[in-house]
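Asks: I am attaching a structure below and will ask some questions about it afterwards.
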Amino acid sequence: MKKIVFATNNAHKLEEIRQIIGNMFEVLSLADIGCHEDIPETAPTIEGNAEMKARYIKEHYGIDCFSDDTGLEIDALDGRPGVHSARYGGVAHDSERNIDRVLSELKDIPLERRTARFRTAITLLQDNMLYTFDGKVEGRILTERHGTGGFGYDSIFQPIEGDGRTFAQMSGEEKNAISHRGRATAKLVAFLLTQHH
Ligand code: IMP
């Protein structure tokens, strides 16, 4: 099976991506290629960060790869946390703190004005060509957590296209079918398939 590196060590993301393309590619993580350093993500946009990560892997490890970056944009917060989603609560990758800060900043905002979206940018660096694929899902931020599945902000995000459940109340397949990363991944996969047939 053809190998492809996904520039992440996030077990949830790896599992999601493997659910989608696992029958076509052996998806390797950063740990699988021996990369244990913290890759800089200091660009002002999610597209910039995805590109930064992919270029870093190419430069330091010499292999083609794809990387992703996701942001949650909340309209009542002028698009925040956006590119700062991972460390919004002050500690990198502490989802509980991130959610606490979002809920407290939105506490006086009624449900109809709690509109938000997840946006994902995936960058594929292949044969020195750079390709970008995007995906988004519209929804709103609930006033408290619902569900225990998924990760990150899933328990407070209710997608518009669903039946009222949050992403954290859905199965992986249900979330992937409408999610930001699911959609960006579908574009990546369609592109990869045109090359491998
Ligand atoms: P990154 O793309 O891993 O940098 O993600 C940025 C932030 O968004 C992190 O806090 C993640 O937990 C969160 N995040 C990324 N993807 C998702 C998702 O599918 N659902 C909920 N939160 C997510």
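None of the figures in this text is laboratory data; all of them are computed from the coordinates on show. This one's a predicted model, so the numbers in the text were calculated from it and none came from an experiment. Glycine also receives a Cβ, built like all others from the backbone with ideal geometry; neighbour counts cover every protein chain displayed.
Asks: For LYS58, only one of the following conditions fails: (1) basic (Lys, Arg); (2) surrounded by fewer than 20 Cβ atoms within 10 Å (Cβ to Cβ); (3) within 13 Å of the ligand (Cβ to nearest atom). What is its number?
Replies: For LYS58, the exception is condition (3).
Asks: Just checking, which of GLU161, GLU173, GLU105 is touching a residue at least 40 places away in the same chain (Cβ under 8 Å) and more than 11 Å from the ligand (Cβ to nearest atom)?
Replies: On inspection, the qualifying residue turns out to be GLU173.
Asks: Based on what the data block shows, is GLU73 within 20 Å of the chain's Cα centre (by Cα), more than 9 Å from the ligand (Cβ to nearest atom), loosely packed, with under 15 Cβ neighbours inside 10 Å and more than 30 Å from LEU193 (Cα to Cα)?
Replies: Considered against the rule, which asks whether it is within 20 Å of the chain's Cα centre (by Cα), more than 9 Å from the ligand (Cβ to nearest atom), loosely packed, with under 15 Cβ neighbours inside 10 Å and more than 30 Å from LEU193 (Cα to Cα), GLU73 comes out as no.
Asks: Test GLY48 against the criterion of being under 16 Å from the mean Cα position of the chain (by Cα), assigned to a helix (DSSP H, G or I), of a type outside the set (D, E, K, R) and under 15 Å from THR123 (Cα atoms), and give yes or no.
Replies: Criteria met by GLY48.
Asks: Where residues in segment 13-42 are surrounded by 15 or more Cβ atoms within 10 Å (Cβ to Cβ) and within 12 Å of the ligand (Cβ to nearest atom), which of them is farthest from ALA184 (Cα to Cα)?
Replies: ILE39
Asks: When segment 81-102 is examined, which residues are found to be assigned to a helix (DSSP H, G or I) and either at positive phi or within 9 Å of the ligand (Cβ to nearest atom) (or both)?
Replies: Matches in segment 81-102: SER85, ALA86, ARG87, SER95, ASN98.
Asks: Quick check: is even one residue across segment 141-156 charged (D, E, K, R), farther than 22 Å from LYS107 by Cβ, surrounded by fewer than 16 Cβ atoms within 10 Å (Cβ to Cβ) and in contact (Cβ under 8 Å) with a residue 12 or more places away in the chain?
Replies: No, that holds for no residue.
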